[in-house]
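Written out below as structure tokens is the structure these notes cover.
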Amino acid sequence: MYNSNMKWNQTKTMEMNEALTYLQEALGLSAKAKTWPGSAHLPLHLRSIEVRAVDANGFSFLLASLPAGVGLPEAKRVYSQLALRAEAPVVVSFPDADARQRKALVAQGIPFVCSGRQAFLPFMGAACTERGGTRFHNRATKMSPNAQAAAIWGAGQESYHSDDLCRALGISASRASEAITELVDRGLAKRERRERRVIVFPVAVDLLLSEHMAELFSPVSKVFFARRAPQIDCLADAGETALAARSMLAAPGMDQKAVLRSVWRELRGLEVADGELSDNETAMIQVWRYAPVFADSSRVDDISLALSLAAIDDERIQLEVDRMFGKEYPWREAL
């Protein structure tokens with residue numbers, strides 16, 4: 001019984017994490033979850049539902065992870081019961097929902113997340129489907145992380161297939177499909193079916209940076225400091241360290257490195273406080289929202305590097321960024 005319960009709890013946590021990841025990657029939300037104090041006061045028939053309080057882009061809501069195998073009536077019952085007890089909006093994570101069930105939830109205005117397929121968050125004015133792409137009522141929204149990475153990588157290609165994007169970004173086929181659909185919706189790519197394959201034609205770098213800069217963002221989500229170690233030294237150079245390697249700027253006293261969020265979790269044991277060690281014993285770690293290095297490269301790309309430096313008010317850095325592209329682009333519009 002103990003092992004069964006432990007496996008059940010692990011499954012619930014995994015489903016909750018998948019829902020949060022889908023919100024982050026498909027909708028570009030900075031979704032962060034924490035324990036909801038109200039869980040302790042739920043009636044017994046709701047205790048098997050994992051409920052977390054989520055903050056995302058200035059909105060707060062409860063995310064309830066439904067057990068596998070539940071039907072539409074149970075999903076609606078859980079929603080209504082939680083809505084009576086919560087002051088914030090309630091969103092149900094319904095991983096097994098089929099198209100008919102999802103359509104019914106939308107028709108009744110019930111917010112839900114079905115990882116990899118659809119999200120419906122009417123209180124935020126946002127919705128997303130795998131086929132329809134990301135749809136925000138506010139068209140000034142930033143791209144999702146995967147879409148931005150796809151736009152940047154794709155700008156260097158004449159054309160590509162979705163499996164090329166999977167390999168380059170290290171993402172699943174469904175994530176690649178979502179990213180491509182978002183780029184098409186934003187006017188950053190076109191799709192054509194030729195024989196049995198769909199070919200994607202991306203826009204060039206100049207159009208991406210001249211016309212769509214406000215939709216881009218810095219890939220850096222957080223910055224930590226870590227003790228220098230082989231695991232740290234092998235990470236990709238980032239920030240001023242990466243810029244110095246491709247310009248006349250002197251390298252900073254402390255190395256700056258980039259790492260994907262999922263990889264950083266494995267290295268957190270090396271984290272130190274700022275100033276705890278000398279600069280040559282410490283590395284500044286940028287945690288990126290998408291892979292810092294594409295599969296066909298050995299270093300961070302120029303566009304992501306420039307976006308990560310846009311907030312630094314240093315004329316020397318901005319001059320070297322402009323020289324890197326041979327043109328001045330409005331990088332600060334991405335902030």
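Taking packing as the residue-averaged number of other Cβ atoms within 10 angstrom, the listed peptides 52-59, 274-281 run from highest to lowest as 52-59, 274-281.
Ranked by the mean number of other Cβ atoms within 10 Å of their residues, highest first, the peptides 231-237, 37-43, 260-266 come out as 231-237, 260-266, 37-43. Per atom type, the chain shows carbon and sulfur on 50% of its accessible surface, probed at 1.4 Å.
Diffusion coefficient (Stokes-Einstein, Kirkwood radius over C-alpha pairs, 10 °C, 1.306 mPa s) for the chain: 73 µm²/s, rounded to a whole number. Evaluated with a Cβ-only charge set (Lys, Arg +1; Asp, Glu -1), the range 149-247 carries a dipole of roughly 300 debye about its Cα centre, given to the nearest 20. Summing Lys and Arg as +1 and Asp and Glu as -1 over all other residues whose Cβ lies under 10 Å from the Cβ of ALA64 gives a net charge of 0.
Against the main long axis of the alpha-carbon atoms of the chain, helix 72-85 sits at an angle near 80°.
Remark: spin-label model distance ARG77-SER172 equals 2.9 nm, labels positioned 7 Å along the Cα→Cβ axis. For the peptides 143-153, 89-99, the ranking by packing is 143-153, 89-99, with the highest mean count of neighbouring Cβ atoms within 10 Å listed first. Semi-axes of the equivalent ellipsoid for the range 138-207, computed as √(5λ) from the eigenvalues of its C-alpha gyration tensor and ordered from largest down, come to 18, 14, 12 Å. Contact order for the chain, expressed relative to its length and based on alpha carbon pairs under 8 Å spaced 6+ residues apart, stands at 13 percent.
Amide hydrogen proximity for ASN57: with H placed 1.01 Å from N in the peptide plane, the residues at 5 or more positions away or on another chain lying under 5 Å are SER30. When Rg and the Kirkwood Rh are both derived from Cα coordinates, the Rg/Rh ratio for the range 218-335 amounts to 0.96. Per residue, the chain exposes 50 Å² of accessible surface when a 1.4 Å probe is rolled over the protein heavy atoms with every protein chain present.
Pairs exceeding 23 Å between alpha-carbon atoms, taken from LYS103/LYS190; LYS32/LYS103; LYS32/LYS190; LYS142/LYS190; LYS103/LYS142: LYS103/LYS190; LYS32/LYS103; LYS32/LYS190; LYS103/LYS142.
Think of each Lys and Arg Cβ as +1 and each Asp and Glu Cβ as -1; about the Cα centre, that makes the dipole of the chain roughly 1660 debye.
Can you tell me which aspartates and glutamates have their Cα less than 12 Å from the Cα of LYS257? Leave out same-chain residues fewer than eight positions away. Excluding near neighbours in sequence, the set is ASP233, ASP237, GLU240.
The values are calculated or read from the model by the stated rules, or taken from the named source; none is laboratory data. Worth saying up front: this structure is predicted, and the values here are computed from it rather than measured. Methodologically, a virtual Cβ is constructed for each residue, glycine included, from the backbone with ideal geometry; neighbour enumeration extends over all protein chains shown. Ligands, DNA and RNA are excluded from the accessible area calculation, which covers all protein heavy atoms including side chains. Shrake-Rupley method; radii C 1.70, N 1.55, O 1.52, S 1.80 Å.
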